[in-house]
Amino acid sequence: MTYNRDNRSLFVLPSTQDHIQGVLNAAVVFVMYGDYECFQSANIYRLIKVAGQQLKLEFGENNLGFIFRHFPQVQIHPHAQRAAEAAEAAAAQGQFWQMHEMLFIHQQELGNGYLVEYANRLGLDISQFLQDLSKGAYVNLINADIEGGLRSGVEAAPALFINGIRYLDRWTVEQIMAAIVAAND
């Protein structure tokens, strides 16, 4: 299968199958393809959080949706795939965003022992968590995220789409806020 690297549109549209903060039908919906071991992915996630907080103050609660999709770059980040699986195992227990935060905060410590420690801190059922990881319960889901990213022209994480269009400007709060305002018009 070939991929259009010049594609600037989101191939897989946001849906209730995604992990979302905010609302799916918001005026502005971010879709981020990220890698938990990638320093830039963590930085972009933090920038979007700051921009989102400012947006809530300016425009109200329901104007922003944020979706995270997995794009582990295993060739350069050996723990990224397992971290994505841990996030999905936590999601199965209703704790995706809590694990998501934990993984980005501790992205230098993503070995198996650390992942179990984070699950324990979140109060997850450790037996279920370990079972999900050992049987690769979420590998297909993560692969579907990767495939959707590739079909949208994503080659590396982080990649950001705003209202379905690839964001290619500078990665600053000001630039992202300007893009949000433009998308909201």
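A few comments on the model shown:
- Inter-part distance where the range 78-104 and the range 16-64 are each reduced to a Cα centre, Å: 17
- Hull-based mean projected area of the chain, where the convex hull spans the alpha carbons, in square nanometres: 10.4
- In this structure the chain gives 49 Å² per residue of accessible area when probed at 1.4 Å with all protein chains present.
- Neighbours of Leu130, meaning other residues whose beta-carbon lies under 14 angstrom from its beta-carbon, give a summed charge of -3 when Lys and Arg score +1 and Asp and Glu score -1.
- 12 Å beta-carbon shell around Gly148, net charge (K/R +1, D/E -1): -1
- For the range 53-141, the spread of Cα positions along each principal axis, largest first, Å: 44, 31, 25
The values are calculated or read from the model by the stated rules, or taken from the named source; none is laboratory data. Keep in mind that what you see is a predicted model, and the values were worked out from it rather than measured. So basically every Cβ, Gly included, is an ideal-geometry build from the backbone, and we count neighbours across all protein chains shown. With ligands, DNA and RNA removed, areas are computed over all heavy atoms of the protein, side chains included. Shrake-Rupley method; radii C 1.70, N 1.55, O 1.52, S 1.80 Å.
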